[in-house]
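Engineer: The structure is given below, and queries will be raised subsequently.
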Amino acid sequence: MDLLIPDKVHDESRQGEALVLEPVGKNNGRKLYIESYGCAMNFSDSEIVASILAEKGFETTSDFNTADVIFINTCSIRENAEVRVRNRLKEFAGAKFRNPGMVVGVLGCMAERLKAKFLEEEKLVDVVVGPDAYRDLPNLIDQVDSGQRAVNVLLSREETYADISPVRLNSNGINAFVSIMRGCDNMCSFCVVPFTRGRERSRDAYSVVAECKDLFDKGYREVTLLGQNVDSYKWSRTVAESGEALSVGDEIKVVNFANLLEMVALVSPELRVRFSTSHPKDITDEVLHTIAKYDNICNYIHLPVQSGNSRILDIMNRTYDREWYMNRIDAIRSIIPDCAISTDIITGFCTETEEEHNDSVTMMDYVKYDFAYMFKYSERPGTLAAKRYADDIPEEVKQRRLAQIVAKQQQYSLYRMQARIGKIEKVLIEGFSKKSDKDYCGRSDQNAMVIFPVSEDYKPGQYVNVLVERTTSATLIGTIV
Ligand code: 5AD
Ligand code: SF4
């Protein structure tokens, strides 16, 4: 089992969530059920898919038994993510048996990884569609209706779905994810993403800002800019994008991630801006200074280390070493003094010795992370590591190392939370707490969950100052001041 401390980008509680929208007027009499697994990018993609099919008159349903089309948007990051999807498909078999006209489609990373093989392995599946082919879904459904099975797993160098405004009607109306780029060019040796999501490409900066502005006008107060590696965001208006040739003297504007952050921060000081994920090799001081300059860019950076040992980092193909990572941490601490930092760590990567594992432990001591996602290495077919190195660390050793770092992280999470006691946090109210409608919950600037008694004077979507009185290792508890 992977152990993780939840935050919003890989939210365990959302895995398998179904997306439900209000009808948009057109109606073709068919119902779509779509559920999602994996990272926030996948959840965001499901909103794009729903938007494409809503245009064609599909209504959404939260009950797959009554659906005409079932889509499952899948993740391949670790083997257990795929096992979960296979099990879920078995549960759809009964519904398809009762309604043979039902279309069952597999979308996302697992579709891309397995391609047409999926149709051989899972007889129930009619359509297999990769992450860059969602515009083709209406055609693919037509093909299935005419009695064929359909596959489109073409990856694209251009597709960013920039012009499709995702529908977000089952959200809380306060926080939204905005995808700013797709794909990944990093080739970390353990990672399947470059194979499932293709080459990295950045979305039109002006379409990102327009979407954030539209969200703000609709009452949203927090956007999280999403990409596999946001620090390598780079977009320029080219002839193809503007549709007309540039003439002499035209300004060619290149927008990097620091520029984009600033453009989004300027939408309104009342709009909080978050982002994920940063890469230690690419995060620049310019980005850190931009975060420091704007109050509404949150002081929280997710900076996956993966390992604290330079040899392991090298064979992971992370292209930085222990000292480089520590230097980036020092830069964050000096430029943004009150910044929360979280990370991802993998235990038991190929050939990792006890001493090398211990370097990950001492890295945790150095940074004292606010949160961490911690995983056992899971070999993924086709990756560089699968080709080059034996997955030679026994399961019990991986598990023991994982348990050790999870215990350590619990101490540091508690340490970071306790340091907030007696402080006043600016909290964006998201709604009632899960446990009681007498309490509100929301997040601090540093991304900590804060719980406090409801006050008649404030509503979800407003900011309040909360004096922190107590804490658990995951939540701050206080009162509005
Ligand atoms: N095994 C274990 N963890 C992995 N991750 C990515 N690939 C693997 C793998 N093969 C983890 C990394 C990454 C996070 C999203 O998932 O820590 O940052
Ligand atoms: Fe997201 Fe990676 Fe899983 Fe694909 S494989 S859904 S990119 S976490």
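Engineer: Test Asn172 against the criterion of being under 30 Å from Pro381 (Cα atoms), touching an Asp or Glu at 6+ places or on another chain (Cβ under 9 Å) and modelled with pLDDT under 95, and give yes or no.
Structural biologist: no
Engineer: Here's a follow-up. Every residue in segment 348-368 that is surrounded by fewer than 24 Cβ atoms within 10 Å (Cβ to Cβ) and touching a Phe, Trp or Tyr at 6+ places or on another chain (Cβ under 8 Å), please.
Structural biologist: Scanning segment 348-368 gives Gly348, Cys350, Thr351, Met363, Met364, Lys368.
Engineer: Out of the residues in segment 60-90 that are over 26 Å from the mean Cα position of the chain (by Cα) and either under 18 Å from Glu17 (Cβ atoms) or among the hydroxyl-bearing types (Ser, Thr, Tyr) (or both), which is nearest to ligand 1 (Cβ to nearest atom)?
Structural biologist: Across segment 60-90, the extreme among qualifying residues is Ala67.
Engineer: Would you check if Lys426 is of a type in the set (D, E, K, R) and in contact with an Asp or Glu (Cβ under 7 Å, 6 or more places away or on another chain)? Give the steps one after another, and end with the answer.
Structural biologist: Numbers: of a type in the set (D, E, K, R): yes; in contact with an Asp or Glu (Cβ under 7 Å, 6 or more places away or on another chain): yes.
Here the answer is yes, as Lys426 does meet what is asked.
Engineer: Quickly run through segment 26-48 and pick out the residues that are outside any helix (DSSP H, G or I), of a type outside the set (Phe, Trp, Tyr), in contact with a Phe, Trp or Tyr (Cβ under 7 Å, 6 or more places away or on another chain) and open to solvent by less than 30 Å² (accessible area, probe 1.4 Å).
Structural biologist: The answer is Leu32, Ile34, Ser36.
Engineer: Keeping to segment 300-319, report how many residues are surrounded by 19 or more Cβ atoms within 10 Å (Cβ to Cβ), away from ligand 1 (no atom under 12 Å from the Cβ) and in a loop (DSSP other than H, G, I, E, B).
Structural biologist: Number of matching residues: 2.
Yes/no matrix, rows are residues, columns are (1) surrounded by fewer than 22 Cβ atoms within 10 Å (Cβ to Cβ); (2) assigned to a strand (DSSP E or B):
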{"site": "Leu107", "(1), (2)": "no, yes"}
{"site": "Met110", "(1), (2)": "no, no"}
{"site": "Gly147", "(1), (2)": "yes, no"}
{"site": "Leu155", "(1), (2)": "yes, no"}
{"site": "Thr160", "(1), (2)": "yes, no"}
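Engineer: Out of Lys438, Lys423, Lys459, report the one residue that is open to solvent by 60 Å² or more (accessible area, probe 1.4 Å), free of Cβ contacts under 8 Å to residues at least 40 places away in the same chain, under 26 Å from Pro269 (Cα atoms) and among the charged types (D, E, K, R).
Structural biologist: So the residue among Lys438, Lys423, Lys459 that is open to solvent by 60 Å² or more (accessible area, probe 1.4 Å), free of Cβ contacts under 8 Å to residues at least 40 places away in the same chain, under 26 Å from Pro269 (Cα atoms) and among the charged types (D, E, K, R) is Lys459.
Engineer: If I ask for residues that are among the hydroxyl-bearing types (Ser, Thr, Tyr) and either over 27 Å from the mean Cα position of the chain (by Cα) or not in a strand (DSSP E or B) (or both), which ones from segment 355-396 would you list?
Structural biologist: If the condition is that a residue be among the hydroxyl-bearing types (Ser, Thr, Tyr) and either over 27 Å from the mean Cα position of the chain (by Cα) or not in a strand (DSSP E or B) (or both), then Ser360, Thr362, Tyr366, Tyr369, Tyr377, Ser378, Thr383, Tyr389 are the ones that fit.
Engineer: Follow-up. Given the criterion at positive phi and either polar (S, T, N, Q) or surrounded by 14 or more Cβ atoms within 10 Å (Cβ to Cβ) (or both), identify the matching residue among Asn447, Asn465. Before you say what the answer is, go through the steps one by one.
Structural biologist: Numbers: Asn465 fails: at positive phi.
Every option except Asn447 fails the conditions.
Engineer: A follow-up question, please. Against the conditions (1) more than 16 Å from Arg168 (Cβ to Cβ); (2) within 16 Å of ligand 1 (Cβ to nearest atom); (3) not charged (D, E, K, R), where does Ala40 fall short? Just the number, please.
Structural biologist: (1)
Engineer: Which members of segment 397-434 meet the condition of being in a loop (DSSP other than H, G, I, E, B) and on the phi > 0 side of the Ramachandran plot? Steps first, answer last, please.
Structural biologist: Applying the first criterion (in a loop (DSSP other than H, G, I, E, B)) to segment 397-434 yields 419-423, 433-434.
Correct list: Gly422 only.
Engineer: State whether the residues of segment 150-166 include one that is acidic (Asp, Glu), within 22 Å of Lys56 (Cβ to Cβ) and touching a residue at least 12 places away in the same chain (Cβ under 8 Å).
Structural biologist: yes
Engineer: Then there's this: State all residues of segment 112-145 that are of a type outside the set (A, V, I, L, M, F, W, C), open to solvent by 20 Å² or more (accessible area, probe 1.4 Å) and within 22 Å of Arg380 (Cα to Cα); if no residue qualifies, say none.
Structural biologist: Arg113, Lys115, Lys117, Glu120, Glu121, Glu122
Engineer: Counting just the residues of segment 175-234 that are part of a loop (DSSP other than H, G, I, E, B) and more than 19 Å from the chain's Cα centre (by Cα), which one comes out nearest to ligand 2 (Cβ to nearest atom)?
Structural biologist: Ser189
The values are calculated or read from the model by the stated rules, or taken from the named source; none is laboratory data. It should be emphasised that the depicted structure is a prediction, and the values quoted were computed from it without experimental measurement. Cβ: placed from backbone, ideal geometry, glycine included. Neighbour counts: every protein chain shown. When the accessible area is computed, the model is the full protein with side chains, heavy atoms only, and any ligands, DNA or RNA have been set aside. Shrake-Rupley method; radii C 1.70, N 1.55, O 1.52, S 1.80 Å.
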